[in-house]
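Below is one structure, written out as structure tokens; comments come after it.
The values are calculated or read from the model by the stated rules, or taken from the named source; none is laboratory data. Worth saying up front: this structure is predicted, and the values here are computed from it rather than measured. Glycine gets a Cβ as well: all are built from the backbone with ideal geometry, and neighbour counts include every protein chain shown. Note: accessible area is taken over every heavy atom of the protein model, side chains too, but ligands, DNA and RNA are not part of it. Shrake-Rupley method; radii C 1.70, N 1.55, O 1.52, S 1.80 Å.
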Amino acid sequence: MEPPPSAAESSKLRHVEKDVLIPQIMRERAKELCSDKVQAFTKCCKETGFLMVVKCRKENTALKDCLVGYYTDPSFNEECKAEYLKQREEYRATGIKKKRQKITSNV
């Protein structure tokens with residue numbers, strides 16, 4: 001069995017962690033934080049059907065602005081990175097992957 005990684009090694013991120021796994025956490029958390037706008041957009045789309053592209057512009061813009069606001073926030077990125085590193089550390093210690101609780105929505 002390999003010895004556990006040192007503190008310096010455990011804070012280094014691989015390419016896949018930086019470019020895939022942490023952004024995935026960011027997307028999930030941003031959707032949760034923008035859930036009111038997600039629900040408004042979903043409701044609009046269900047009510048308008050094929051015309052949603054035209055009729056739901058206001059809801060789509062509000063949702064996009066909310067999500068992009070989180071995606072471009074450096075402190076939100078650091079928060080999600082810290083969450084990922086904590087999950088990774090727990091996984092390395094226990095070998096058990098922790099599932100995130102998701103808020104159920106229609107998106």
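Of the residues making up the stretch 9-37, those that are open to solvent by less than 70 Å² (accessible area, probe 1.4 Å), outside any helix (DSSP H, G or I) and modelled with pLDDT under 95 number 1. Among the residues of the stretch 53-74, those that are of a type outside the set (Gly, Ala, Ser) and open to solvent by less than 80 Å² (accessible area, probe 1.4 Å) comprise Cys56, Glu59, Asn60, Thr61, Leu63, Cys66, Leu67, Val68, Tyr70, Asp73. Taking the stretch 38-52 as the range and being open to solvent by 50 Å² or more (accessible area, probe 1.4 Å) and among the polar types (S, T, N, Q) as the test, only Gln39 passes.
Taking the condition part of a helix (DSSP H, G or I), free of Cβ contacts under 8 Å to residues at least 12 places away in the same chain and under 28 Å from Lys12 (Cβ atoms), does Glu90 pass? In short, yes. The requirement of being open to solvent by 50 Å² or more (accessible area, probe 1.4 Å), modelled with pLDDT of 95 or more and within 22 Å of Glu28 (Cβ to Cβ) is fulfilled nowhere in the stretch 89-96; no residue meets it.
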